[in-house]
Amino acid sequence: MDVIFPVLSRWDYSVIIVGAGPAGLFAAHELAASGLSTLVIDAGRDIDERICPMSPVKGCIHCKPCSILRGVGGSGAFSDGTLNLRPDIGGNLAEFTGDSESAWELVDYVDKVFLKYGATNDLSSPPSSEIEFLRRKAASVGASFIEIKQRHIGSDNSIALISDFKKDLEAKGMDFLLNTDVADIIVDNGVCSGVLLRDGRKLSAQYTLLAPGRVGCDWVNEIVNRHSILYSFSGVDIGVRVEVPSIIMDPITRINHDPKFHIHTWRYDDFVRTFCTNEHGFVVKEEYEGFVATNGHSMHRKESDNTNFAFLVHVELTHPMENTIKYARSVAKLATTIGGGKPVLQRMGDLRRGRRSTDKHIERNTVVNTLKDITPGDISMAMPHRIVMDIIEGLEVLSEIIPGVNSDSTLLYAPEVKFYSIKLDVDSRMHTSIENLFAAGDGAGLSRDLVNSAATGVLAARGILSVNYRPSKD
């Protein structure tokens, strides 16, 4: 049988972008008016074709590629769709822009692009008195509340926004090559000259941008090791997805849609934080190679009676074990083994008392789990003792700020793991140690959320343009 390859109009480009998530799309948007021929490659499907067949009755059937994690829009396409409009949340843009003012201007620029393609005009910017109330309440128990202006797109509205975004890029001459795996980059004498596809085809480019998203972190690691690209290890976040009745969280989420609380535990002095709050949302399962994890969705047109959020412990490792990714994967794999290929679900009361949750415990629990494809069990059998203690102590502190969040009926799903990949060494133009190779986004370890990922894509595109238009030396 003949192999059918996706059709390409050409084999050489000025720029090839690997990854069609926020970093890749925003880089393409920045390049659209430059006249540089640009190709965006992604292993997944187009946004309109990204349909997950998983349901409470039918579990994950392991689609290849996974429509939740891969495809146009990236894994964030089906997330809560919250835009955190700060340059120091989900990374630190000032690290690349050189100063705080430029970083804030970049966030404002990214926000305007999202608005252009259909993001809601509604901006969550609570009155200063309410912000002061949350800051005081957090400070009274030794925690911090991080004030953020937010724009909530919603998982359902994100699809239409991304679809319009891509169609506009195509109308401006951007090419897309989907359902296609990139096996490697082509490097000769320290210069990147294109990519090698998994099917054996070679595509040449004057400049290559790696923006594969968080799901591509293992692939980035392979590329880095193969071509000796300079990098450093960044930390990882390991924890649980917490689910409580919405009425518990409503007084807080009415003030701030996705509240960020930062806590240091008393026993180990570890950093724990809330992340990705989904008001009246749903807990969902994510399938990775070798393990499962959890995440949360919230939508404008469909609500549950619960609110969920990630509760994450930040882990940094030092010599001799510096590979935080390998460590986090081992924890996630152990949790997946304990859960029999499904996330482990435990009541807070059971975890506190040192006993596993059973089917009967979950059935009679007052909080009804929105994710059904789970295994009742014991999180302490699946996660390191230190992380479990950080979660217990952290939720005790959080309950002083949000009464009831630490009740016996609170549900904990494990694992919730945020991989940030190794962090590629880049300059202010997002240029790597390989000539003509640029990097952006979560998969390169340079960002950790939608806005910062998009912003690094903008910086990479501007970096490419600055190199391309730089006057040649006589």
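The values are calculated or read from the model by the stated rules, or taken from the named source; none is laboratory data. Keep in mind that this is a model prediction, so the values were computed, not measured. No Cβ is skipped: glycine too gets one built from the backbone with ideal geometry, and neighbour counts run over all protein chains shown. The protein model used for the area step is the full one, side chains on, heavy atoms only, and it has no ligands, DNA or RNA in it. Shrake-Rupley method; radii C 1.70, N 1.55, O 1.52, S 1.80 Å.
Pairing each residue of the stretch 345-374 that is of a type in the set (Val, Ile, Thr) with any residue that is in a loop (DSSP other than H, G, I, E, B) and open to solvent by less than 10 Å² (accessible area, probe 1.4 Å), provided the two are 6+ apart or on different chains, yields C-beta distances under 8 Å for VAL367/THR410; THR370/GLY281; ILE374/GLY339; ILE374/PRO343. Just checking, does the stretch 198-211 include any residue being under 15 Å from ALA310 (Cβ atoms) and open to solvent by 10 Å² or more (accessible area, probe 1.4 Å)? No, every residue in the stretch 198-211 fails to be under 15 Å from ALA310 (Cβ atoms) and open to solvent by 10 Å² or more (accessible area, probe 1.4 Å).
The single condition among (1) farther than 28 Å from ALA28 by Cβ; (2) in a helix (DSSP H, G or I) that LYS167 does not meet is (1).
Restricting the stretch 326-344 to residues that are β-branched (Val, Ile, Thr) and in contact with a helix residue (DSSP H, G or I) (Cβ under 9 Å, 6 or more places away or on another chain) leaves a set whose member that is modelled with the highest pLDDT is VAL344.
Here is a check on your reading of the model: is ARG267 of a type in the set (D, E, K, R) and either assigned to a loop (DSSP other than H, G, I, E, B) or open to solvent by 20 Å² or more (accessible area, probe 1.4 Å) (or both)? Taking the combined requirement at face value, the residue satisfies it. Looking across the stretch 229-264, the residues that are assigned to a loop (DSSP other than H, G, I, E, B) and either in contact (Cβ under 8 Å) with a residue 24 or more places away in the chain or open to solvent by less than 40 Å² (accessible area, probe 1.4 Å) (or both) come down to ILE229, LEU230, SER234, GLY235, ILE255, ASN256, HIS257, ASP258, PRO259. How many residues does the stretch 131-153 contain that are at pLDDT below 95 and either part of a loop (DSSP other than H, G, I, E, B) or in contact with a Cys (Cβ under 7 Å, 6 or more places away or on another chain) (or both)? So the answer is 4. Within the stretch 378-393, is there a residue that is at pLDDT below 95, under 21 Å from ALA103 (Cα atoms), open to solvent by less than 10 Å² (accessible area, probe 1.4 Å) and under 26 Å from the mean Cα position of the chain (by Cα)? No, because not a single residue in the stretch 378-393 is at pLDDT below 95, under 21 Å from ALA103 (Cα atoms), open to solvent by less than 10 Å² (accessible area, probe 1.4 Å) and under 26 Å from the mean Cα position of the chain (by Cα). Going residue by residue through the stretch 401-412, is there one that turns out to be assigned to a helix (DSSP H, G or I) and either at pLDDT below 95 or farther than 22 Å from MET299 by Cα (or both)? The answer is yes, given that some residue of the stretch 401-412 is assigned to a helix (DSSP H, G or I) and either at pLDDT below 95 or farther than 22 Å from MET299 by Cα (or both). Residues that are at pLDDT below 95 and open to solvent by 40 Å² or more (accessible area, probe 1.4 Å) within the stretch 413-427 comprise just one, LYS423.
Checked against the criterion of being over 22 Å from GLU286 (Cβ atoms), among the β-branched types (Val, Ile, Thr) and either without any contact (Cβ under 8 Å) to a residue 12 or more places away in the chain or touching a Leu at 6+ places or on another chain (Cβ under 6 Å) (or both), the stretch 387-396 has no qualifying residue. May I ask you to list the residues in the stretch 345-368 that are in contact with a helix residue (DSSP H, G or I) (Cβ under 8 Å, 6 or more places away or on another chain) and crowded, with 16+ Cβ neighbours inside 10 Å? Correct list: LEU345, GLN346, ARG347, MET348, ASP350, LEU351, ARG356, SER357, HIS361.
Residue pairs whose Cβ atoms lie under 8 Å apart, sitting 6 or more positions apart in sequence or on different chains, and linking a residue in the stretch 124-135 that is in contact (Cβ under 8 Å) with a residue 24 or more places away in the chain to a partner that is assigned to a helix (DSSP H, G or I), are LEU134/ILE252; LEU134/ILE401. Scanning the stretch 207-242 for residues being under 24 Å from GLY71 (Cβ atoms) and among the basic types (Lys, Arg) gives a total of 2.
The residue that is nearest to PHE233 (Cα to Cα), counting only those in the stretch 312-334 that are polar (S, T, N, Q) and free of Cβ contacts under 8 Å to residues at least 40 places away in the same chain, is THR318. Selection of the stretch 298-310 for residues being over 24 Å from HIS262 (Cβ atoms) and touching an Asp or Glu at 6+ places or on another chain (Cβ under 7 Å) yields MET299, HIS300, ARG301.
For every residue, the table says whether it meets (1) open to solvent by 50 Å² or more (accessible area, probe 1.4 Å); (2) touching a Ser or Thr at 6+ places or on another chain (Cβ under 7 Å); (3) in a loop (DSSP other than H, G, I, E, B); (4) modelled with pLDDT of 85 or more.
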position	(1), (2), (3), (4)
MET1	yes, no, yes, no
ALA20	no, no, yes, yes
LEU39	no, no, no, yes
PRO53	no, no, yes, no
GLY59	no, no, yes, no
SER67	no, no, yes, no
ARG70	yes, no, yes, no
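For SER298, the criteria (1) touching a strand residue (DSSP E or B) at 6+ places or on another chain (Cβ under 6 Å); (2) open to solvent by 50 Å² or more (accessible area, probe 1.4 Å); (3) of a type in the set (Gly, Ala, Ser) hold in every case but one, which is (2).
Annotation note: of SER447, SER399, the sole residue that is surrounded by fewer than 24 Cβ atoms within 10 Å (Cβ to Cβ) and either among the small types (Gly, Ala, Ser) or touching a His at 6+ places or on another chain (Cβ under 7 Å) (or both) is SER399.
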